[in-house]
Every structure is written in structure tokens, then in C-alpha cells.
Amino acid sequence: MDRLALILVIVGALNWLLVGLFQWDLVAALFGGESSWISRTVYTLVGLAGIYCLSLLFRERAVQR
């Protein structure tokens, strides 16, 4: 679950990078615009993954020897 959440957060971060640098929304371009249900689903999954990844900040690290 952690890896899937991190992958979605990375996808979201790269999408925001493209929006910031080139004013181009990759998710909207791939899935038919910002208001299409597929794009909104991707945005929602990325947002939920970001919320889930907040838990990674507060998790205890396993000590490896």
C-alpha cells in the first residue's frame, strides 16, 4: 500500500511540475479534460494517496542491523 500511495503522489507531483512550468495538465490531456470523470478520479486518488502518505511522516522506522 505504501508503494502504491507513493507512486500516486509522485504522479501528482510530476503533473503539478508540468502545470507550473508549461501550464500543461498531463492528467487532463490523457483523460479528456479536467472535468471528465476519469480525470477527477485520478485527482481524487492522488489526493487520498497524499493524505495516506502523511502517515509515513509519523511512523517509526525499523532499525536494520
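Could you say whether any residue in segment 17-28 is touching a residue at least 40 places away in the same chain (Cβ under 8 Å), surrounded by 10 or more Cβ atoms within 10 Å (Cβ to Cβ) and either of a type in the set (S, T, N, Q) or in contact with a helix residue (DSSP H, G or I) (Cβ under 8 Å, 6 or more places away or on another chain) (or both)?
No, segment 17-28 contains no residue that is touching a residue at least 40 places away in the same chain (Cβ under 8 Å), surrounded by 10 or more Cβ atoms within 10 Å (Cβ to Cβ) and either of a type in the set (S, T, N, Q) or in contact with a helix residue (DSSP H, G or I) (Cβ under 8 Å, 6 or more places away or on another chain) (or both).
Taking the conditions (1) in contact with a Ser or Thr (Cβ under 7 Å, 6 or more places away or on another chain); (2) modelled with pLDDT of 95 or more in turn, PHE31 satisfies each one other than (2).
Restricting the first member to segment 33-60 and to residues that are under 17 Å from MET1 (Cα atoms), and the second to residues that are of a type in the set (Asp, Glu), no beta-carbon pair is closer than 6 Å while six or more apart or on different chains.
ALA5 meets all of the listed conditions (1) in contact with a Phe, Trp or Tyr (Cβ under 8 Å, 6 or more places away or on another chain); (2) loosely packed, with under 15 Cβ neighbours inside 10 Å; (3) in contact (Cβ under 8 Å) with a residue 24 or more places away in the chain but one, namely (2). Against the list (1) surrounded by 14 or more Cβ atoms within 10 Å (Cβ to Cβ); (2) within 15 Å of the chain's Cα centre (by Cα), the condition PHE31 fails is (2). Mind checking which helices (runs of 4 or more DSSP H) fall wholly inside the chain and carry at least 1 residues that are acidic (Asp, Glu)? The qualifying helices (runs of 4 or more DSSP H) are 2-22.
The values are calculated or read from the model by the stated rules, or taken from the named source; none is laboratory data. Just so it is clear, the structure is predicted and the values come from calculations on it, not from any experiment. Cβ sites come from the backbone with ideal geometry, for glycine too, and all protein chains shown count toward neighbours.
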